[in-house]
There are 2 protein chains.
Amino acid sequence: MTNKVEKQSPHHVVIVGGGFGGLHAALSLGKAPVRVTLIDKRNFHLFQPLLYQVATGGLSPADISSPLRSILNKQQNTKVLMGEVRDVDPHQQKIFLNKGEITYDTLIVATGVSHHYFGNEQWAPTAPGLKTVEDALEMRRRIFMAFEAAEKETDVEKRRAWLTFVIVGGGPTGVELAGAIAELAYSTLKKDFRNIDTAEAKIVLVEGMDRVLPPYSPDLSAKAATSLENLGVKVQTKALVTNIADNVVTIRQGDNIEHLEARTVLWAAGVKASAMGTILAEHTGVELDQVGRVMVEPDLSIKGYPQIFVLGDLANFTKPDGKPLAGVAPVATQEGKYVADLIVKRLAGETSPAFEYFDAGSLSVIGRHSAVADFGSVKMSGFFAWLIWVFVHIYYLIEFDNKLVVFIQWTWSYFTRKRGARLITGDESLGQIGVDDKGDYFIAPKIKVSVKA
Amino acid sequence: MTNKVEKQSPHHVVIVGGGFGGLHAALSLGKAPVRVTLIDKRNFHLFQPLLYQVATGGLSPADISSPLRSILNKQQNTKVLMGEVRDVDPHQQKIFLNKGEITYDTLIVATGVSHHYFGNEQWAPTAPGLKTVEDALEMRRRIFMAFEAAEKETDVEKRRAWLTFVIVGGGPTGVELAGAIAELAYSTLKKDFRNIDTAEAKIVLVEGMDRVLPPYSPDLSAKAATSLENLGVKVQTKALVTNIADNVVTIRQGDNIEHLEARTVLWAAGVKASAMGTILAEHTGVELDQVGRVMVEPDLSIKGYPQIFVLGDLANFTKPDGKPLAGVAPVATQEGKYVADLIVKRLAGETSPAFEYFDAGSLSVIGRHSAVADFGSVKMSGFFAWLIWVFVHIYYLIEFDNKLVVFIQWTWSYFTRKRGARLITGDESLGQIGVDDKGDYFIAPKIKVSVKA
């Protein structure tokens, strides 16, 4: 280690995870008398709220990503390291990578969450979730490939299965995906095929609770459901997916059990904490919640370890009403800034009040020109909410990087209804529609590859 | 088959391959009294001349791709089919897919070429070539990962090997890649790392002939070499790569043999014809050249089979000087238009003169603001040639789709020297820097996945 910064400022803040929480902590520490090391498995920050746009061919991965190094390259006290943290020793204050270890004075863990199939992990290959760029490209591949397979299929029943899309989970991601697929089928792709009418596609959104977007007010949930139905999405609430196998999705709604033939199933139903939660619990005895998130103190630290903070989706910060703060970008961002501020104060011998989330409101988009917005006292839906949604997202994207391009893409797609990023990519062999032993078409599932030196 | 068009126009033109040749043939037949089926393995047309920009993080795949269906969706006589042709029966006038067969009246084959390692296929995993979007993403992953690995490596020798990039082949692709990597290392990435100085990177361009860009005039070749050297690229001509193994590239230049430690080797040296060449030769007895390209008649048809045409990179159309036309986009485009015109004339009972290529000139770019242009009597190099290069490429991109976005990206990167598409992606497990048995870092090579139903 021959780092100039190292000698100047002895207090070392190590941040694990470059999502909204970790990145904002790093940015807020840019001028603090500390040195910062930000570690991430990937070399880029991902603007996850727009990942569904990549999954549906509206944007390219690079449009919603920024290299961590270029975001932080002006901060002389900050080092970016691409790597994965394997273990933590909270007593010696060390973290371990696959090669080498790093000593910290303060540790911030913000490694987020991944999908959760509620004990049905065997559904994972059939019903991919949406957390990473690779997930989004896999969804994109499946969605567009399904239309290609339908165009080739001559059997009416089988063709219908190719044109049936089931989205499991009626939260923001599920609603956004369903809306975008409806747009694709009923508008963007309408003129592109000769053997099929893409408008015959069936898009089903399945939600276990009694309404979509459960965190919103019942009023807005109802408006979102109406917007979705106007777009052509079939919204099924109080409905549970009980099985996914052999291209059939089993949906139980009260006493009614439906077997739906669908070749494309997208998972937007549940999350579980990343491995860092378990690792921290093992070494510090900190409590985890049901999905493995770390129960944090009012200042986002771990009980008994004031120098370890957990934030973003990985943290369970319990509100006075007993519920945890939602796993959304504004929460993580504010938590990151709060912890950075606390560290600076602590070094100056000052104390910080408990973390408090300022809720500026929630926004969810439904298709081409509809959204719902909940600003507490003000609730909105429809076109105006959609405009706000567009500008808020562009604004935050531009914060890191000049993502003017995204704005132009959107304006363009809005008027033309085109989607430029409709590429079916992946390994060459995955780009094909196969024929199985029975002579039926299939899309090869994405298979994990094994890696060797 | 319940196609309206089918009944109106009995003459069926089947086009295999949606590159420049196939696509322009299809576009030129848009209003002809025929029905057209365009078959491609992929669902998009790729603007291959800019693929090196994707490989070096300047553009996203979608920026240089357009969905074939949306390019052709206004042509009522045209059908697009995603699939791979497995075999041809020229006597029954049929082609065979993995499921089903299609009868043609006229067949146009334009399936292009892939890389060629001159009998050293074992180099393929170490030295990837650049033909597909996936190839470009793989190059991008390796280039950016190499800088990440160098940042982590503490051993000076090993670090130098991570910062050494060898580009094999001094044609347009090799020159463009070398220039872009030099820009990355010596300018874009300069401030992004803390442990390494990216300006210490060594970029070596190896060419077997006595000069780079052999198809250009010696004068322009010399200017290109000077431009490259000004950018910091080491240009080695009359040099042959004789081995690539264990992170060492062996280069023979006359009697001098050099063993260069390099972790990144990019292949831009040779091409071989796609499988359709062999399939056609088998069934028609047509002659193939040394790299498997189909020897075509003056009207681009196959000897004895006036209803089968081969064009683009797959065709060897011999010029009066005995050399084949170059495998570049303008040749393929003109050939596609020529064959479309010939078909229309033939249906009207007219004949066509032999194909003649109108050479509007050649352009190659070298880094951020230099290029060489050869318009026959007018030869140019430097900034003005670069400007022409930019406008010509934007113009052709816009022809199919509104790729205004590309223009904005470029303007932006030109002034900021940023490259927005610097994502290291791939399978999750491929996004990591591994540690091998000896404790050395390695980047997992991309491994072919096997596909099953």
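Conditions (1) crowded, with 18+ Cβ neighbours inside 10 Å; (2) assigned to a strand (DSSP E or B); (3) not polar (S, T, N, Q), marked per residue:
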residue: B:ARG211; (1), (2), (3): yes, no, yes
residue: B:ILE244; (1), (2), (3): yes, yes, yes
residue: B:GLU258; (1), (2), (3): no, yes, yes
residue: B:VAL265; (1), (2), (3): yes, yes, yes
residue: B:MET276; (1), (2), (3): yes, no, yes
residue: B:HIS283; (1), (2), (3): no, no, yes
Determine whether segment B:128-140 contains at least one residue that is outside the structural domain of B:HIS393 (by TED's automatic domain parsing) and among the acidic types (Asp, Glu). no
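Rundown of residues vs (1) surrounded by 14 or more Cβ atoms within 10 Å (Cβ to Cβ); (2) modelled with pLDDT of 85 or more, yes/no style:
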| residue | (1), (2) |
| --- | --- |
| B:ASP341 | yes, yes |
| B:ALA354 | no, yes |
| B:TYR396 | yes, no |
| B:LYS403 | yes, no |
| B:VAL406 | yes, no |
Report whether or not A:GLY336 is assigned by TED's automatic domain parsing to the domain that holds A:LEU27 and surrounded by 18 or more Cβ atoms within 10 Å (Cβ to Cβ). yes
Hey, among the residues in segment A:149-175 that are over 27 Å from A:ALA269 (Cα atoms) and of a type outside the set (S, T, N, Q), which one's nearest to the chain's Cα centre (by Cα)? A:GLU151
Residue hits (segment A:57-80; β-branched (Val, Ile, Thr) and within 30 Å of A:ARG368 (Cβ to Cβ)) are A:ILE64
Residue selected from segment A:143-163 under the condition touching a strand residue (DSSP E or B) at 6+ places or on another chain (Cβ under 9 Å) and not hydrophobic (A, V, I, L, M, F, W, C), by the criterion nearest to the other protein chains (Cβ to nearest Cβ): A:GLU148
May I ask you to list the residues in segment A:83-133 that are surrounded by 18 or more Cβ atoms within 10 Å (Cβ to Cβ) and not in a loop (DSSP other than H, G, I, E, B)? A:VAL88, A:ILE95, A:ILE102, A:THR106, A:LEU107, A:ILE108, A:VAL109, A:VAL113, A:HIS115, A:TRP123, A:VAL133
Could you tell me whether any residue of segment B:60-70 is surrounded by fewer than 24 Cβ atoms within 10 Å (Cβ to Cβ), more than 30 Å from B:ILE424 (Cα to Cα) and out of contact with any Gly (no Cβ under 8 Å at 6 or more places or on another chain)? no
Listed by first then second residue, the pairs whose first member lies in segment A:42-56 and is more than 10 Å from chain B (Cβ to nearest Cβ) and at pLDDT 90 or above, whose partner is surrounded by 24 or more Cβ atoms within 10 Å (Cβ to Cβ) and assigned to a strand (DSSP E or B), with beta carbons under 7 Å and at least 6 positions apart or on separate chains, are A:HIS45/A:SER65; A:HIS45/A:SER66
Just to be sure I understand the filter: pairs with C-beta atoms under 8 Å, separated by 6 or more residues or on different chains, first member in segment A:248-269 and under 17 Å from A:LYS158 (Cα atoms), second member part of a loop (DSSP other than H, G, I, E, B). Which pairs pass? A:VAL248/A:ALA262; A:VAL249/A:ALA262; A:GLU261/A:ASN247; A:ALA262/A:ASN247; A:ARG263/A:ASN247; A:VAL265/A:THR126; A:VAL265/A:ALA127
Considering residues of segment A:170-191 that are buried (at least 24 other Cβ atoms within 10 Å of the Cβ) and not in a helix (DSSP H, G or I) only, the residue modelled with the lowest pLDDT: A:LEU189
Going through segment A:16-58 one residue at a time, which ones are farther than 19 Å from A:SER114 by Cβ and within 15 Å of the chain's Cα centre (by Cα)? A:GLN53, A:THR56
Just name the residue that is farthest from B:VAL271 (Cα to Cα) out of those in segment B:192-209 that are surrounded by 18 or more Cβ atoms within 10 Å (Cβ to Cβ) and within 14 Å of chain A (Cβ to nearest Cβ). B:ARG194
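The values are calculated or read from the model by the stated rules, or taken from the named source; none is laboratory data. What you are looking at is a predicted structure, and each value in this text was computed from that prediction instead of being measured. Neighbour counts run over all protein chains shown; Cβ positions are idealised from the backbone, glycine included.
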